[in-house]
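Everything on this sheet refers to the single structure shown next.
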Amino acid sequence: MSQTTTMTELEQLLALENIRNTKARYCRYIDTKAWDELGDVFAPDAVADFSTEGNPIPVLTGRDTIVQVFRDLVDPAVTVHHVHSAEVEFVSATEAKVISPMEDWVTFPEGNENKSFHGFGHYHETFVKIDGQWRIQHTSLKRLRLDLFE
């Protein structure tokens, strides 16, 4: 945690827990197909960049677009997302830069045009505090490894 903001240590700890919980809900909502709830973790004008080789998701702009693309693409798949201990740097009392190690399994049903995969990497994100809640403003995924399956 960064000490460069005007936030107290207690405020930073509370914000850190809120950020962790937001990311945990992101993973759970995708894996349980809770599409209506998924939008709650994003800022209204959020941007998501998951455009890596072998991944069919383009750069997405806007909370509603992000949720709709996840719904359309991932709904038929069985997914498991794990996010591990995050590095958090508070830029201000309402903005944080976050890097989280991740692992995901995405298994599409037989006959689906998309390939199943098991991936590893890091989320690079900006979280912003809106109406007392920390939400994802920008997320990108930098993969270290992506194993594709037929």
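The values are calculated or read from the model by the stated rules, or taken from the named source; none is laboratory data. Keep in mind the model is a prediction, meaning the values are calculated, not measured. Using ideal geometry, Cβ is built from the backbone for each residue, glycine included, and neighbour counts are taken over all protein chains shown. The area values use the complete protein model at the heavy-atom level, side chains included, leaving out ligands, DNA and RNA. Shrake-Rupley method; radii C 1.70, N 1.55, O 1.52, S 1.80 Å.
List of remarks:
- Among residues of the range 61-83 that are without any contact (Cβ under 8 Å) to a residue 24 or more places away in the chain, those with a beta-carbon under 7 Å from a residue that is open to solvent by 20 Å² or more (accessible area, probe 1.4 Å) and of a type outside the set (A, V, I, L, M) at least six positions away or on a different chain give the pairs Gly62/Asp45.
- Looking across the range 99-128, the residues that are touching a Phe, Trp or Tyr at 6+ places or on another chain (Cβ under 6 Å) and in contact (Cβ under 8 Å) with a residue 60 or more places away in the chain come down to Ser100, Phe127.
- Among (1) within 28 Å of Thr6 (Cα to Cα); (2) at pLDDT 95 or above; (3) open to solvent by 20 Å² or more (accessible area, probe 1.4 Å); (4) not charged (D, E, K, R) - the single one Thr139 does not satisfy: (3)
- Residue count for the range 9-50 satisfying the condition of being open to solvent by less than 90 Å² (accessible area, probe 1.4 Å) and within 17 Å of Ser140 (Cβ to Cβ): 14.
- Every residue from the range 113-146 that is over 20 Å from Lys97 (Cβ atoms) and in a strand (DSSP E or B): Ser116, Phe117, His118, Gly119, Phe120, Arg145, Leu146
- Here the range 78-111 is the region considered, the condition is being farther than 12 Å from Trp134 by Cβ and of a type in the set (D, E, K, R), and the residue that is surrounded by the most Cβ atoms within 10 Å (Cβ to Cβ) is Asp104.
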